[in-house]
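Here the structure comes first, spelled out in structure tokens, and everything after it is commentary.
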Amino acid sequence: MTAPVKDPVKKVESARESFFKRLTRQQLFIPLAALVLLVLFNLIADPSFFAVSIKENSLGNPVLSGNIISVLDNASELVILSIGMTLVTASSGGQDISVGAAMAIAGSVILRLVCGGQVNADTMHMNLFLALFIAIVVSMLFGAFNGTLVAYFKIQPMVATLILYTAGRSIAAWINNNELPIMNDISFKYAGTFLPGIPVPTPIFVTLFVILLFWLALKFTNLGLYTQSVGINASSARLNGLNPQFIKLLTYMILGACVAVAGFLRVSRSGSINYSRIAENIEMDAILAVALGGNALGGGKFNIYGSVLGAYVIQFLTTTLYKYDVASTALPAYKAVVVILLVVLSAPVVREKLTRVKGRTPAKAAKEVS
Amino acid sequence: MQEGVVLEMRGICKYFPGVRALQNVDFVLREGEIHALMGENGAGKSTLIKCLTGVYAKDEGDIYMAGQEKAVTIRSPQDAQNAGISTVYQEITLCPNLTVAENLYIGRSKGFGTSWKRMNAGAKKILTSLGIPASPKQQLGTCSIAVQQMVAIARAVDMECKVLILDEPTSSLDEQEVEKLFGLMRDLKAKGVGIIFVTHFLDQVYEVCDRITVLRDGQLVGEYVIEDLPRVQLVSKMLGKELDEMADIKSEVGAAADASGEVVLEAQGLCSNAGIKPFDFSVRKGEVNGFTGLLGSGRSECVRAIFGADHVTGGTVKVEGKPAHIRKPLDAMKKGIGYLPEDRKGDGIVGELSVRENIILALQVMKGFFRPFTRAQAEAFADEYIKLLEIKTASADTPIKSLSGGNQQKVILARWLLTDPKYLILDEPTRGIDIGTKIEIQKLVLKLAAEGKSVTFISSEIDEMLRTCSRLIVMRDRKTVGELTGEDLTQAKIMATIAGGEAQ
Ligand SMILES: Nc1ncnc2c1ncn2[C@@H]1O[C@H](COP(=O)(O)OP(=O)(O)OP(=O)(O)O)[C@@H](O)[C@H]1O
Ligand SMILES: [Mg+2]
């Protein structure tokens, strides 16, 4: 009954992993691969997709123009939201579906403040930074409302944020007495379009700034460690001195701040607001960006750069589809197919499976035990 | 396959990234035998079992079962169950938010269908026959770890099986429950069931087992008939070196166990919402004391109240003579108190985080939100304790959940040692820890005391308490019923006090 002698060399090989396997296990593999595919597709179909030219904008300033610029520009709100959404997901194991409606509120607050209550204002009635600051505070309070329901009343995030999702756009309209204020002062639109003399769209800078802020926060505080600990095991986090409820609340408030910045960008693109259409369905894209970045929607470990990359991929996809004249009504269907494919591929379970030559994933099998 | 063999594994190999968990391991289980699978923490016992039951896919090797010519393929725990292999895993794998009855019957093909009434009645019968103090309709999560473990055992035993696997089933059970389990095992053995039994309790091995297979570092050391392998030899086979487990470590470490130091912590009339009666407690500098009592006697709840882990509803606490308001764990931590919880999986580890993050967590929280350790500092801490406690892990970056049970426990211990507490509460610190390390931990506790720290030690093993503690507080029915010191610290005296013959 002796076991057959095995080749020792083979053992060493299976213990060491191939480069490909290690690569596919990286969290950013799927969004990066998707990006590469999109780039390749466009390169082959029409290399001019990547052309960047200098055009004069309506004010007669020379500015950069091209599909790539437009992707980077238009993705801004989504990127900023998806960062906040990542933190909320990590700590509470659920998503905030009210971000679109909350962006309407933030935008409405800003317009109300800078227009000073007028319907058609030609000059700003309040310092723009002060208005933005107030909008951030208001937005964080709404975030605190969501966070309190989730953390202290232990309501499912999706259900808790459904309240603001439903009411948010009416609140936004109510803030401006159901008027649609328009801000004509050109300097109001600097943030959403171009700063004078600078050919790169301002939202790109704002987004970079926000990413930088979070990079610093994650490096110089324990935000990452705390939110992950709470999301993975709240009970042991508590026994290590953390306050899980407060940390969940905090992440919802941080998302609130992100929402305000995104809302600000959105209204300063046009200087006006449409309560029911502004940032419509953006919550779905933000959640998808988080998933696409390889983050588990059930919470726990996260990587904000994954979400950032996911957001850009989604915008890239949208722009590509527009370019090929997919009717705007059919667009969501196309997008859905591609996104589902990407999300499924980037799901941790599938990723683990991909890294295995044969056999089953331990995670899945372990689940079946219970 | 030979006559009378129910299960045979040949040349099993299993690799994890950076770890060779099993290398060419053979294992033979015969009909009607109880076969101990022994080895240090991380030796590969649980992995071997998981390869057998389809939780992990083995990388190499074959499994044969009685009555089948060819090697069997087991792809999932469900397959294993259908092949007549019934398993209790080391970490409880039941569903805490289902009822006890549901947990007993979930996922079993020959069940009661959807008749809840019959299911609950069936569950009731099983529970009473095993004397498990739980009702069928109770949510499993609300039961103590011991009860959960008994439910897991009941579930496995109740299934018709040819092979029964028990991976450290007795780690949270007290003596009576262990006896009950052994009774069950002997019954099954008489019926011809082959039983694989993993444990770190040597006494238990010699009480029920017929044969021993020893693993070390993922390799097979050998298979022995129990009579041929005396205890001393078994230990040296497991550890690969000699170890005198009976040595008097108290005198060896030279702990100054006389409790004349100043009082470090003093509690009066402390009680919590976990249902303990108000109790008084104090611990002196350099003292090792312990709470003892049967399971459910409230010993864990007492220390949880001290640490602020449960909601404190009354009483006063003084730390070094000054009144302290400990309302939450962080308050206690700031006063220099550390607490290693009883439920490793539920309250201890942060599963997906790395060993390094798990080690620094408590100290990091004390240091504050805005002052994270640099990567280099964190790495230095982790490496220091991985070395000190000989934690077996591929690297400090490995997620803690992929460590063996005993090694996870060491990581949590490291976490609290790192905070350098004045007063350390250890609730079952040696659960699931191998015999070599167990003695190391006992020595460590005495060494801490010798350095002037205070320790409260809780263990289900009275032996272990006697070896380390100089004062024992005995609990019964969530009340303190006695305190033993000096001459009174004997097994008999403790048992008598627990039983209530000689209260006060
Ligand atoms: N899922 C996993 N991923 C990576 N490594 C693992 C995994 N499971 C186990 N290991 C490693 O395999 C080795 C054997 O672990 P195993 O759990 O089998 O030990 P054990 O003998 O059961 O120990 P214990 O007595 O502590 O329970 C350990 O070094 C462990 O770190
Ligand atoms: Mg084990």
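The values are calculated or read from the model by the stated rules, or taken from the named source; none is laboratory data. Quick caveat, the model's predicted, so the values are computed rather than measured. Here Cβ is always computed from backbone atoms with ideal geometry, including for glycine, and neighbour counts include all displayed protein chains. In case anyone asks, the SASA skips ligands and DNA or RNA and just uses the protein heavy atoms, side chains included. Shrake-Rupley method; radii C 1.70, N 1.55, O 1.52, S 1.80 Å.
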Residue-span extension gain [B:Asp463 to B:Ala121] - 0.36 nm each, minus C-alpha spacing: 119.2 nm
Plugging the Kirkwood radius over Cα pairs into Stokes-Einstein for the range B:5-244, at a temperature of 37 °C and a viscosity of 0.692 mPa s, what D comes out in µm²/s? 178
In the neighbourhood of B:Ala382 defined by beta carbon distances under 13 Å, the net charge of the other residues (Lys, Arg +1; Asp, Glu -1) is 0
Just need log10 I(q)/I(0) for the range B:269-414 at q = 0.21 Å⁻¹, Debye formula, equal scatterers on the alpha-carbon atoms, no solvent, rounded to two decimals. -1.28
Expressed as a whole percentage, what fraction of the accessible surface of the range B:5-244 belongs to carbon and sulfur atoms when a 1.4 Å probe is rolled over the protein heavy atoms? 48
Once you place label points 7 Å from the Cα toward the Cβ at A:Ile211 and A:Ala327, how far apart are they in nm? 3.6
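From other protein chains only, count the Cβ atoms within 10 Å of every residue's Cβ in A:229-237, then give the mean. Each step should come with its number before you reach the end.
Values: counts 8, 1, 2, 7, 9, 1, 7, 14, 5.
Mean shielding by partner chains, rounded to a whole number: 6.
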1.4 Å probe accessible area per residue over the protein assembly as shown, in Å²: 42
Out of A:Val344, A:Asn240, A:Ala102, whose Cα points farthest toward the positive end of the dipole of chain A (charges: +1 Lys, Arg; -1 Asp, Glu; placed on Cβ)? A:Asn240
Amide N proximity, the range A:237-267 versus B:Asn273 label position 7 Å along Cα-to-Cβ, cut-off under 20 Å: A:237-249
For peptide B:365-374, compute the average count of partner chain beta-carbon atoms within 10 Å of each residue's beta-carbon. 4
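Are there any chymotrypsin sites (Phe, Trp or Tyr not before Pro) in the range B:356-405 that are in a DSSP loop and have at most 14 other Cβ atoms within 10 Å? List them by number. Write down the numbers at each step before the final one.
On the way: sites: B:Phe369, B:Phe370, B:Phe373, B:Phe381, B:Tyr385; in loops: B:Phe369, B:Phe370, B:Phe373.
Of the chymotrypsin sites (Phe, Trp or Tyr not before Pro), the ones in loops of the range B:356-405 whose Cβ has at most 14 other Cβ atoms within 10 Å are B:Phe370.
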First select every other residue whose beta carbon is under 14 angstrom from the beta carbon of B:Glu69; then total the charges, Lys and Arg +1, Asp and Glu -1. -1
Dipole moment magnitude, nearest 20 debye, the range A:68-326 about Cα centre, only Lys, Arg, Asp, Glu C-beta charged: 540
Once A:Thr148 and A:Phe129 are pulled to full extension, the length gained, defined as 0.36 nm per residue separation minus their Cα-Cα distance, is 4.0 nm
Any idea which of A:Leu195, A:Gly116, A:Pro181 is furthest toward the positive side of the dipole for chain A, if Lys and Arg beta-carbons carry +1 and Asp and Glu beta-carbons -1? A:Leu195
Count neighbours as other Cβ atoms within 10 Å of each site's Cβ, and list the GluC sites (Glu not before Pro) in the range B:68-109 that are DSSP loop with at most 12 such neighbours. B:Glu69
What nm distance separates the two modelled labels at B:Ala394 and B:Ala499, each placed 7 Å from Cα along Cα→Cβ? 5.2
Bin width 20 Å, origin at 0, all Cα-Cα pairs of chain B: what percent of pairs per bin? 22, 55, 22, 1
Size of charge dipole - the protein assembly as shown - debye, nearest 20, with Cβ of Lys, Arg +1 and Asp, Glu -1, no other charges: 1740
Cβ-derived FRET efficiency at R0 60 Å, B:Glu451 paired with A:Glu56, nearest 0.05: 0.20
Measure nothing fancy, just the Cα-based angle from helix A:244-270's long axis to the longest principal axis of chain A, in degrees from 0 to 90, nearest 10. 50
Give the A-B buried accessible area in Å², both sides summed, 1.4 Å probe, nearest 100. 3900
Accessible-area composition of the range A:252-318, carbon plus sulfur, in percent [1.4 Å probe]: 59
Measuring from the longest principal axis of the C-alpha atoms of chain A, the long axis of helix A:282-292 (C-alpha) lies at a number of degrees, nearest 10, equal to 30
If eta is 0.692 mPa s and T is 37 °C, what Stokes-Einstein diffusion coefficient results for the protein assembly as shown, Kirkwood Rh from Cα pairs, in µm²/s? 108
Cross-link list B:Lys447/B:Lys493; B:Lys14/B:Lys189; A:Lys248/B:Lys401; A:Lys154/B:Lys328; B:Lys125/B:Lys162; B:Lys241/B:Lys443: which exceed 25 angstrom alpha carbon to alpha carbon? B:Lys447/B:Lys493; B:Lys14/B:Lys189
Among A:Asp122, A:Asp73, A:Asp96, whose mean-square fluctuation peaks in a Gaussian network model of chain A (Cα, cutoff 10 Å)? A:Asp122
Simple spin-label estimate for B:Arg371/A:Asn274, 7 Å along Cα→Cβ, in nm, reads 5.4
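Where Lys and Arg each count +1 and Asp and Glu each count -1, what net charge lies around A:Pro196 among other residues with Cβ under 15 Å from its Cβ?
Details: positive: A:Lys189; negative: A:Glu56, A:Asp185.
That sum, taken over residues with Cβ under 15 Å, equals -1.
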In degrees, nearest 10, range 0 to 90: what is the angle between the Cα axis of helix A:223-232 and the longest Cα principal axis of chain A? 60
Cβ-derived FRET efficiency at R0 60 Å, B:Glu3 paired with A:Ile186, nearest 0.05: 0.05
Using the Kirkwood radius built from alpha carbon pairs, what does the Stokes-Einstein equation give as D for the range B:262-351 at 37 °C and 0.692 mPa s, in µm² per second? 243
Cross-link partners among aspartates and glutamates for B:Lys124, C-alpha distance below 19 Å, same-chain residues fewer than 8 apart left out? B:Glu102, B:Asp158, B:Glu160, B:Glu177
Centre separation in Å (Cα based) which lies between the range B:288-348 and the range B:464-497: 19
Where the only charges are on Cβ atoms (+1 Lys, Arg; -1 Asp, Glu), what is the dipole of chain B about its Cα centre, to the nearest 20 debye? 1720
In the range B:5-244, if the dipole is taken from +1 on Lys/Arg beta carbons and -1 on Asp/Glu beta carbons about the Cα centre, which of B:Leu7, B:Cys209, B:Pro136 is farthest to the positive end? B:Pro136
Looks like the range A:76-206, by Cα gyration tensor root eigenvalues a ≥ b ≥ c and the a/c under 1.5 rounded cutoff (else prolate when a/b is bigger than b/c, oblate otherwise), is oblate
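To one decimal place, what Kirkwood hydrodynamic radius in Å is obtained for the range A:177-289 from all pairs of distinct Cα atoms? Each step should come with its number before you reach the end.
Details: mean 1/r = 0.0594 Å⁻¹.
Result for the range A:177-289, one decimal place: 16.8 Å.
Given a Förster distance of 56 angstrom, what is the FRET efficiency for A:Glu179 paired with A:Leu297, based on the Cβ-Cβ distance and rounded to 0.05?
Step by step, r from the Cβ atoms, then E = 0.90.
Could you tell me what % of all Cα pairs in the range B:400-486 have separations over 20 Å?
Distances greater than 20 Å cover 38 percent of the Cα pairs.
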Over the C-alpha atoms of the range B:355-395, what are the Rg and the largest Cα-to-Cα span, Dmax, in Å? 10.6, 32
Just in the range B:265-351: which GluC sites (Glu not before Pro) are loop by DSSP and have at most 15 other Cβ atoms within 10 Å? B:Glu320
For the range B:21-138, alpha-carbon Rg and Dmax in angstrom: 17.2, 49
Looking at the square roots a ≥ b ≥ c of the eigenvalues of the Cα gyration tensor of chain A, which shape do they give, rounded for a/c under 1.5, prolate if a/b is larger than b/c, or oblate? oblate
